[in-house]
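The block underneath contains the structure these notes are about, expressed in structure tokens.
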Amino acid sequence: MRMTSRRLAMSAATASLFVPVALAGGQAQAAKAAPQAGPTAARCSTGSAISKKLPGGTTWRMCWNNHSTAGLVLTGVSYQPKYEANPIPVLSSARLAQINVPYDSGSVEYNDLTAMEFGSGLLPLQPKDCPGGVIKSVRVYGQPVKGLCITTQPRGFAYHGDSGDVGEDPPKVDSAQGQDLVIYTLNAVGYYQYITQWNFSDDGTITAKAGATGNLSPGDYDAADGTGWPIGRGSAAKATSHHHNIFWRLKFHDGTGSPGVEQYDTKQTGTSRDGVPILKTTRKPITKELAGDAANSRWWRLVSKNGKNSDGHRRSWELVQQHTDKYQPHPWTKHDVYFTQYRACEKYASENSMFDRSCKDTVKHFVNGEQLTNPVVWVNVGFHHIARDEDQTPMPVHWQGFQIVPRDVTAMSPLTPGHLHKPRYNGEPEF
Ligand SMILES: [Cu+2]
């Protein structure tokens with residue numbers, strides 16, 4: 001049970017005029033221009049540009065805004081690693097598309113974006129909530145809320161290696177620690193507070209994650225039906241178990257057009273004479289809309305039709321999903337990824353019709369056999385929350401998410417140190 005049921009509002013809350021940065025310009029029309037980002041950086045409305053050069057030499061650029069339903073929206077995301085003369089466009093749009101919360105007891109189901117006006121639940125951040133960063137103001141119901149953190153964080157080892165392994169003489173030990181540009185908001189939905197976070201790493205990896213914190217709902221300590229976990233002394237009070245099915249909606253754009261989608265599967269095809277299994281990897285172009293299921297050794301990538309790296313390989317971005325507890329009963333939450341043909345009215349993974357009655361209602365309905373020439377990617381990551389004593393109080397953050405990893409965007413790692421960033425170390429080593 002949740003207390004909050006906010007009034008639905010369709011209008012986007014726009015960024016306030018706060019600290020215009022280098023890329024700002026173009027005012028109101030800029031948000032429309034962002035999806036058309038070409039080889040140069042996207043133009044953002046005033047105060048909504050982010051441009052950050054990380055210590056490893058990689059620059060990430062994008063525009064941000066807060067939508068009253070979807071929350072944090074990133075547009076015109078580009079990546080410019082060291083040695084690249086121009087920004088490489090990656091995503092024209094990236095945001096949440098639903099947080100679906102069905103209870104195991106069957107008592108209730110929430111759609112925390114569409115029914116709870118997620119983006120208007122933006123909470124203010126204190127300086128200590130955004131260490132080393134900048135907190136930007138966001139207008140919610142006409143009032144400024146200092147609710148967007150833009151900062152950098154260390155991410156541990158970027159690499160460690162011995163250059164003798166690739167033929168350098170004398171050999172060197174190379175090591176580096178990595179850094180992320182980190183962008184997040186905190187949104188209240190009833191007793192829960194969700195962190196919507198994006199990490200942009202110096203090696204080109206993008207990590208989308210949602211964290212749930214706040215408090216267990218006081219009204220949910222009633223699980224006489226056996227679908228909860230005892231919280232508190234003895235077993236008098238049981239918190240009802242539930243799923244958080246979180247959808248992200250991604251639109252890739254490489255600056256020249258929409259990329260294609262490919263699915264890769266690796267399977268055993270035989271056994272060698274030495275008794276070692278032989279594995280083959282197959283590529284399947286996804287040319288029609290698809291509700292895709294994760295499987296062992298299966299992955300998908302968005303691959304540019306035109307853009308190639310300096311090795312002549314087509315640039316692509318791989319989806320990396322890890323653990324998920326997707327909710328099986330609904331056709332719109334039972335699949336891991338949905339690739340749908342772009343339609344402007346298809347905005348949310350469920351309860352979509354509430355915004356346009358002529359539009360289909362769920363992402364499962366969006367998959368209806370169309371040719372996939374302009375793909376929208378819907379990533380579903382579920383978390384089955386069986387509460388535990390340690391969830392009180394406040395509840396420690398539990399995270400769910402996925403990554404977007406560059407595959408052949410550059411000919412070598414963008415973090416390769418200068419003494420190894422040479423043709424002789426790209427490909428088969430020469431000794
Ligand atoms: Cu939960």
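The values are calculated or read from the model by the stated rules, or taken from the named source; none is laboratory data. As the structure is a computational prediction, the values presented were derived from the model and not from experiment. Because the Cβ atoms are built from the backbone with ideal geometry, glycine has one as well, and the counts that use them run over all protein chains shown.
Details
- Of the set (1) surrounded by 10 or more Cβ atoms within 10 Å (Cβ to Cβ); (2) assigned to a loop (DSSP other than H, G, I, E, B), all apply to GLY275 but (1).
- Restricting the stretch 299-312 to residues that are buried (at least 16 other Cβ atoms within 10 Å of the Cβ) and at pLDDT 95 or above leaves a set whose member that is nearest to ASP408 (Cα to Cα) is ASN309.
- Identity of the residue in the stretch 212-242, within 11 Å of the ligand (Cβ to nearest atom) and among the small types (Gly, Ala, Ser), that ends up farthest from VAL90 (Cα to Cα): ALA239
A quick yes/no check of all residues on (1) more than 16 Å from the ligand (Cβ to nearest atom); (2) in contact with a helix residue (DSSP H, G or I) (Cβ under 9 Å, 6 or more places away or on another chain); (3) at pLDDT 95 or above:
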site	(1), (2), (3)
THR69	yes, yes, yes
VAL73	yes, yes, yes
GLN80	yes, no, yes
GLU84	yes, no, yes
ARG95	yes, no, yes
VAL101	no, no, yes
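- Members of the stretch 383-430 that are under 30 Å from ASP254 (Cβ atoms), buried (at least 16 other Cβ atoms within 10 Å of the Cβ) and within 16 Å of the ligand (Cβ to nearest atom): GLN400, GLY401
- Residue count, the stretch 139-163 (criterion: small (Gly, Ala, Ser) and either within 18 Å of THR213 (Cβ to Cβ) or surrounded by 14 or more Cβ atoms within 10 Å (Cβ to Cβ) (or both)): 4
- From the options ASN306, ASN245, residue that is in a strand (DSSP E or B) and within 16 Å of the ligand (Cβ to nearest atom): ASN245
- Condition check for LYS347: under 24 Å from MET116 (Cβ atoms), under 21 Å from the mean Cα position of the chain (by Cα) and basic (Lys, Arg): yes
- Matching entry among PHE383, PHE431 (being within 21 Å of ASN111 (Cα to Cα) and in contact (Cβ under 8 Å) with a residue 60 or more places away in the chain): PHE383
- Within the stretch 269-313, the set of residues being among the polar types (S, T, N, Q) and under 21 Å from PHE366 (Cα atoms) comprises THR287 only.
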